[in-house]
């Protein structure tokens, strides 16, 4: 531990000796376009088909969803008759879940990996709402650079202060975001997102099908059936009665 702390202090003290990476103009242009896509969309409701493949099992169902960007979400997983199986509400600080079949409530902090317990992919509500809005969930970074291995296909990477690649992105033939890959400091995959199909809804170009895969291989696919942008959503939507909201 002492050696680790000493090394950390030395590295921090010498940070000024190592020049941070710089962004490429082409990569910065791509990134700005993706980050500003559907920027006017602030809140929405939707009906989706959901498939979760995790731990050797596959769950297929439908979900009703309401979200207010950046970080408020309500999801109702539904059975065939339209009644909730599981309810989730995130109010910006806390996630609460009602497992209807168990008659139990769960509660945990709303972190940037908080939905892993729900969908088996390590991301948070803010990232999920960004993804469903058609934008990549950008991590902290200092430089955007064209990926030398995929420059001909519009691929780029995001780097941190120490030149580590923290994310990789690619676009499709129309210049929309097609793939986002989140990486840890050692280059390991945290999760990957694919926007497989798009549609026009009320002036917005929105993803129709989104696939998200964790580093372990668990996968969740969202397919949009109905979408209502810019609708009023009361604050009570993000409160679960009986879930200890006080």
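The angle separating the long axis of helix 2-13 from the principal Cα axis of greatest extent in the chain is about 70 degrees. Gyration tensor analysis over the Cα atoms of the chain returns equivalent ellipsoid semi-axes of 33, 23, 17 Å (largest first, whole Å). The relative contact order of the stretch 21-238 comes to 22 percent, based on Cα pairs under 8 Å that sit 6 or more residues apart. Helix content alone sets the calculated 222 nm mean residue ellipticity of the chain: runs of n ≥ 4 DSSP H residues at -39500 (n - 2.57) each, divided across all residues, give -4000 deg cm²/dmol. Modelled this way, with points 7 Å down the Cα-to-C-beta line, the labels at residue 57 and residue 209 are 2.5 nm from one another.
Per 10 Å bin, what percent of the C-alpha pairs of the stretch 167-233 does each bin hold, from zero upward? Over the stretch 167-233, the share of Cα pairs per 10 Å bin runs 19, 41, 29, 10, 0 percent. Quick check: the angle from helix 25-35's long axis to the longest principal axis of the chain, C-alpha only, nearest 10 degrees? So the inclination is approximately 10 degrees.
Sorted from longest to shortest, the spans of the Cα atoms of the stretch 95-220 along the three principal axes equal 53, 40, 24 Å.
Separation of the stretch 162-202 and the stretch 131-148 by C-alpha centroid, Å? With the stretch 162-202 and the stretch 131-148 each reduced to a Cα centre, they are spaced 7 Å.
Laboratory data are not the source of any read-out in this text; all were calculated from the coordinates shown. Source: prediction; values computed, not measured. Every residue, glycine as well, gets a Cβ built from its backbone with ideal geometry; the counts of neighbours run over all protein chains shown.
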